[in-house]
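Comments concern the structure below.
The values are calculated or read from the model by the stated rules, or taken from the named source; none is laboratory data. What you are looking at is a predicted structure, and each value in this text was computed from that prediction instead of being measured. Cβ atoms come from the backbone with ideal geometry, glycine included; neighbour counts cover every protein chain shown. Heads up: the accessible areas ignore ligands, DNA and RNA and are worked out on the full protein's heavy atoms, side chains in. Shrake-Rupley method; radii C 1.70, N 1.55, O 1.52, S 1.80 Å.
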Amino acid sequence: DAEITQSPRHKITETGRQVTLACHQTWNHNNMFWYRQDLGHGLRLIHYSYGVQDTNKGEVSDGYSVSRSNTEDLPLTLESAASSQTSVYFCASSESRVSPLHFGNGTRLTVT
Amino acid sequence: GENVEQHPSTLSVQEGDSAVIKCTYSDSASNYFPWYKQELGKGPQLIIDIRSNVGEKKDQRIAVTLNKTAKHFSLHITETQPEDSAVYFCAARGSNDYKLSFGAGTTVTVRA
């Protein structure tokens, strides 16, 4: 079965370190998204991509970057981790811009 | 951009009773309204969605209603069961940028 996997599931890092969260999907979807989930805020869009070499900023993109070198992967990088980036991060993909999103099971990131 | 508000933030119901969650949106151009269920430790999963050309949609014990004039939509769960306990998110997608904006979530607890 096609799926979307995130790794690691849990990560603890120190302020100022660079961190990369992985997202891999086997749906062969063109569209991929990164959200963060915080209590009281729901899911907020960080970055998204509509295809290889395409990346776009979402509503909370400061301090984050993504790259899309193939269809299957959209890694999320925190250039210099801050305590405000402690959160649960979800990757999602969709077949088209008007299709439903399929989510991974998330990465819980703690920045100390 | 789109602003989605969701109420209540928590909801406790007796098993067998109904649960209703309400959302409002700000962008009159939004045309797609999905609902996601998130169980503990998992990513959100689509449970039902509705498009702006439809007023109501049902799938077994769940239904969604849409009032485009008032810009609000609701999720109805009838004959609730313990496995309905989860966090539920509403979302809205604009017809211009195709991005989903999420509500803050509702934690539903079904009491046995």
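Brief remarks follow.
- Subtracting the Cα-Cα distance of B:S28 and B:Y98 from 0.36 nm times their residue separation leaves 23.8 nm of extension gain.
- Here the relative contact order of chain B, from alpha carbon pairs under 8 Å that lie six or more residues apart, stands at 37 percent.
- Exposed-site-free run, longest, chain B (rule: GluC sites (Glu not before Pro); DSSP loop; at most 15 other C-beta within 10 Å): B:40-78
- Net charge, A:S80 excluded, C-beta distance under 14 Å - Lys, Arg +1, Asp, Glu -1: -2
- Candidate lysines for bridging to B:K22, where Cα separation is under 25 Å - those fewer than 8 sequence places away on the same chain excluded: B:K37, B:K42, B:K57, B:K58, B:K68, B:K71, B:K99
- For segment A:27-69, backbone nitrogen atoms closer than 12 Å to the point 7 Å from A:T77 Cα along Cα-to-C-beta are found at A:64-69.
- Angstrom value of the Kirkwood radius, inverse mean 1/r, which spans all Cα pairs in the protein assembly as shown: 18.0 Å
- Two-decimal ratio, segment B:71-112, of alpha-carbon radius of gyration to 2.2 N^0.38 Å: 1.47
- Computed accessible area, B:K99, all protein chains, 1.4 angstrom probe, square angstrom: 50 Å²
- Spin-label pair A:A22/A:R9, simplified geometry with 7 Å Cα→Cβ offset, distance in nm: 1.5 nm
- Scaled to the globular estimate 2.2 N^0.38 Å, the Cα spread of segment B:1-44, given as radius of gyration, is 1.45.
- Solvent-accessible area, 1.4 Å probe, carbon plus sulfur percent, for the protein assembly as shown: 45 percent
- Across segment A:20-86, Cα pairs under 8 Å and at least six residues apart give a relative contact order of 32 percent.
- Among B:A92, B:A70, B:A19, the residue with the largest mean-square fluctuation in a Gaussian network model of chain B, with springs joining Cα atoms closer than 10 Å, is B:A70.
- Taking all pairs of distinct alpha-carbon atoms in segment B:7-89, Kirkwood radius in angstrom: 13.4 Å
- Projection of the Cα convex hull of chain A, averaged over all directions and equal to a quarter of that hull's surface, yields 6.5 nm².
- Accessible surface area normalised per residue over chain B is 50 Å², counting heavy atoms of protein chains with a 1.4 Å rolling probe.
- Buried area at the B-A interface (accessible, heavy atoms, 1.4 Å probe, summed, Å²): 1500 Å²
- Area accessible to solvent at A:S84, 1.4 Å probe radius, in Å²: 80 Å²
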